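Please read the structure below before turning to the comments.
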Amino acid sequence: MIRFTNVVKTYDNGTTAVADLSFTAPTGKITVLVGPSGCGKTTTLRMVNRLIEQSSGAILLGDEDNAKMDTIRMRRKIGYVIQNAGLFPHQTVLDNVCAVPYLIGTDKQTARIRAADLLELVGLDREYASRYPWQLSGGQQQRVGVARALAADPPFMLMDEPFSAVDPIVRKQLQSEFLRIQADLAKTIIMVTHDIDEALRLGDQIVVLKEGGILAQIGSPAEILANPADRFVADFLGESRGYHALSFEHIASLAPQQTPVAQIGESVAAAEGAWIVACDELGSPLGWTRVTAGAASGERLVLATTVSHGQGNYRELLDAALASPNGQAILVDDRGRYLGTLGSEVVVRGAVTSLEAERSA
Ligand code: ADP
Ligand code: MG
């Protein structure tokens, strides 16, 4: 756990960047600090590893006061990832990842073997190990930055806008990979972003800050979406608030409807011209097709994105329903086999009920 207690930072020029901040970042979870530019996010983060000293208040790392820890020992416990990765330009990728292990005296062979494993973990092939940072894309550099932060296997991670400098598609990939890695490693993470979508996607807990480093709200994404503390938070969440909230509502309790399913060309017991689900020979849905002459016609197959009944959420379900030619989402089991469909009216009604329960919880 990382715990802030009444932390204040006033810079020498009189700017109060952080005002009386108290919160706990739980062990093994991702806490996201989010807020507009200049609201004190970076200052807050850099006080954790004492790149900036607080004016007053205390920060605990586990059960230790960070102000009383030896700086070197403290920083070994904290991986630090910054925007644009901040790699050493004249060192290879492998040596960048080994930087901290070398510094703390890990033998070269051990450090290099571990670095190669970490590069694989963050999705970089072996061939990248001997390249220099300028020979990598922004997304690849950012991956190296994450590998480097993990190299000394620190229990804590600080990440300052780690995915902000890459384009939206790469950003989404990096976010997914980061969640996959964190599911295994369970580090205690504080991540900073100004992007509310990123915060909602990655955070187990979200700390919303406003101008002057004032705590606006703290809670899970679902809690904050359901009950914004004030006008500032509501405005910061923006106009897709309701839609976002659907991401946190599970659909497993809905009973799918049995829309006929067939392989292309197979005869099917359904009305002429009706939309039915077309599947492959293993029973995995491909999309929607119409019944022609009593069979699943191959013409005009409308490809569909399916939703997992066990894992899916209302946002995916509503999107799948709206994207289909007949307002129906296709549900599959954990192995991707067809389970049934759900119509947009049923989805919306279920979503409203689920959100109501969230708001009154
Ligand atoms: P964020 O990361 O949320 O954009 P920062 O923590 O970088 O915000 O900055 C918070 C406030 O503190 C801003 O008003 C910024 O101008 C000010 N600030 C940051 N660093 C310094 C500094 N070294 N000296 C004076 N003011 C600073
Ligand atoms: Mg910042």
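The values are calculated or read from the model by the stated rules, or taken from the named source; none is laboratory data. Just so it is clear, the model here is predicted, and its values are computed rather than measured. FYI the Cβ positions are ideal-geometry reconstructions off the backbone, even for glycines, and counts take in every protein chain you see. Heads up: the accessible areas ignore ligands, DNA and RNA and are worked out on the full protein's heavy atoms, side chains in. Shrake-Rupley method; radii C 1.70, N 1.55, O 1.52, S 1.80 Å.
Legend: calculated FRET efficiency, I113 to T305, from the Cβ-Cβ distance at R0 = 35 Å, rounded to 0.05, equals 0.30. Considering the dipole of segment 247-361 built from charges on the beta carbon (Lys and Arg +1, Asp and Glu -1) around the Cα centre, which of I264, T341, S308 is farthest to its positive end? Of I264, T341, S308, it is T341. Within segment 304-327, name every residue whose backbone N is under 16 Å away from a label modeled 7 Å from Cα of A252 along the Cβ vector. 308-314, by backbone N distance to the label point.
Put simply, the Cα atoms of segment 150-267 extend 66, 42, 28 Å along their principal axes, the longest span coming first. In this structure the amide hydrogen of V192, modeled in the peptide plane, comes within under 5 Å of the amide hydrogens of L33, M159, D160, E161, none closer than 5 places in sequence on its chain.
Per residue, the average separation of C-alpha pairs within less than 8 Å and at least 6 apart gives segment 109-199 a relative contact order of 30 percent. Per-residue 3J(HN,Hα) values for segment 76-88, derived from phi via the Karplus relation 6.51 cos²θ - 1.76 cosθ + 1.60 with θ = phi - 60°, read 5, 7, 10, x, 10, 10, 10, 4, 6, 6, x, 6, 6 Hz in sequence order (x marks Gly and Pro). The share of accessible area on the chain that comes from carbon and sulfur is 51 percent, using a 1.4 angstrom probe. Do you know the relative contact order of segment 180-297, to the nearest whole percent, from alpha carbon pairs under 8 angstrom that are 6+ apart? In percent, rounded to a whole number, it is 14. If you take all other residues with their beta carbon under 10 Å from the beta carbon of G35, and give Lys and Arg +1 and Asp and Glu -1, the sum is +1. Per the Kirkwood formula applied to alpha carbons, the chain shows a radius of gyration over Rh ratio, Rg over Rh, of 1.07. About the centre of its Cα atoms, segment 3-150 shows a dipole size close to 100 debye [charges on the beta carbon of Lys, Arg (+1) and Asp, Glu (-1) only; nearest 20 debye].
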